[in-house]
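Remarks on the structure that follows.
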Amino acid sequence: MIRVAVAGAAGRMGQMVCAAVDGADDLTLTGRADPVLDTAVADVLADADVLVDFTRPDTALDNARAALAAGVHVVIGTSGFDMDGLREAARPSQAKAFFGPNFAIGAVLMMKFAAEASRIMERAEIVELHHPSKLDAPSGTAARTAELMAGDVPIHSVRLPGIVADQEVVLGDVGQTLTISHRTIDRTSFMPGVLLAIRRVADLPESPTVGLEHLLD
Ligand SMILES: NC(=O)c1ccc[n+]([C@@H]2O[C@H](COP(=O)([O-])OP(=O)(O)OC[C@H]3O[C@@H](n4cnc5c(N)ncnc54)[C@H](O)[C@@H]3O)[C@@H](O)[C@H]2O)c1
């Protein structure tokens with residue numbers, strides 16, 4: 001049994017992660033941290049093997065630091081936090097850190113295909129579309145996609161009601177375009193990836209590891 005605590009447990013993603021962990025035979029939910037629930041991350045670490053963080057760009061790193069310092073592995077889904085800070089915190093720790101810019105399998109494949117196409121086609125731009133409550137722009141997925149692609153890839157951010165998390169990578173070359181598009185219909189799309197990361201984080205050869213693609217083979 002892997003003991004799992006969730007930071008941001010009252011949030012949109014956190015509630016789903018709690019339910020997904022609860023429903024898994026090999027995982028047990030031992031803590032729900034969230035200011036809304038009057039429970040701090042420090043209060044849930046003693047009973048956890050893994051902390052899952054879906055909070056805010058300005059709190060995720062502190063939560064990860066606290067987990068790593070307590071010997072608790074951390075799976076981060078929050079986007080827009082300081083990655084250099086995570087690298088620094090992970091270096092001296094026996095516990096491992098994983099950051100998934102996007103836990104949806106289709107988005108991971110979109111990034112892989114976009115990276116491949118960018119090495120062949122002349123230019124590309126990314127349009128990422130999210131719900132209006134998203135705090136950071138560009139999205140972690142778009143930033144990661146651009147990082148994996150060849151050349152300088154501009155990102156356009158759209159925030160509108162009715163959208164969960166969508167992205168289009170448009171590639172252009174002489175007389176043609178190629179669009180690679182991923183659409184998230186609801187947040188259940190992220191759960192298989194989150195559960196996989198929880199199960200695999202302790203055995204990561206590198207910490208932090210960034211990207212679900214490293215866990216799929
Ligand atoms: N990686 C992915 O696949 C993926 C998918 C969806 C969302 N996200 C990211 O996950 C994050 C959360 O998204 P959301 O839509 O659930 O947000 P949300 O606002 O619904 O939930 C965030 C929760 O974190 C809580 N919180 C704030 N400070 C905290 C702290 N110090 N400790 C513990 N909890 C704290 C808030 O009270 C809130 O309940 C965002 O950064 C979003 O971009 C990532």
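Taken together, the residues in segment 1-44 that are within 10 Å of the ligand (Cβ to nearest atom) and among the β-branched types (Val, Ile, Thr) amount to 6. Confirm whether Asp152 is farther than 21 Å from Arg187 by Cβ and either touching a Gly at 6+ places or on another chain (Cβ under 8 Å) or not hydroxyl-bearing (Ser, Thr, Tyr) (or both). For Asp152, the condition - farther than 21 Å from Arg187 by Cβ and either touching a Gly at 6+ places or on another chain (Cβ under 8 Å) or not hydroxyl-bearing (Ser, Thr, Tyr) (or both) - is met.
Looking only at residues of segment 1-54 that are among the acidic types (Asp, Glu), free of Cβ contacts under 8 Å to residues at least 12 places away in the same chain and assigned to a loop (DSSP other than H, G, I, E, B), we find that the one that is surrounded by the fewest Cβ atoms within 10 Å (Cβ to Cβ) is Asp25. Name the residues in segment 64-106 that are touching a Lys or Arg at 6+ places or on another chain (Cβ under 7 Å) and more than 10 Å from the ligand (Cβ to nearest atom), would you? His73, Ala89, listed by residue number.
If I ask for residues that are aliphatic (A, V, I, L, M) and either surrounded by 24 or more Cβ atoms within 10 Å (Cβ to Cβ) or part of a helix (DSSP H, G or I) (or both), which ones from segment 108-125 would you list? Talk me through it step by step, then tell me what you get.
Initially, segment 108-125 is screened for residues aliphatic (A, V, I, L, M), giving 108-111, 114-115, 117, 120-121, 124.
Val108, Leu109, Met110, Met111, Ala114, Ala115, Ala117, Ala124, listed by residue number.
Only residues that are within 16 Å of the ligand (Cβ to nearest atom) and not basic (Lys, Arg) were counted in segment 107-124, giving 5. Among the candidates Ile180, Ile185, Ile105, the residue that is crowded, with 19+ Cβ neighbours inside 10 Å and either out of contact with any helix residue (DSSP H, G or I) (no Cβ under 9 Å at 6 or more places or on another chain) or aliphatic (A, V, I, L, M) (or both) is uniquely Ile180. Is it true that Phe98 is touching a strand residue (DSSP E or B) at 6+ places or on another chain (Cβ under 9 Å) and not in a strand (DSSP E or B)? No; evaluated as a whole, the condition is false for this residue. Scanning segment 144-165 for residues that are crowded, with 19+ Cβ neighbours inside 10 Å and either modelled with pLDDT of 95 or more or among the hydroxyl-bearing types (Ser, Thr, Tyr) (or both) yields Thr145, Ala146, Met149, Val153.
The values are calculated or read from the model by the stated rules, or taken from the named source; none is laboratory data. These figures come from a predicted structure and were not determined experimentally. Cβ: placed from backbone, ideal geometry, glycine included. Neighbour counts: every protein chain shown.
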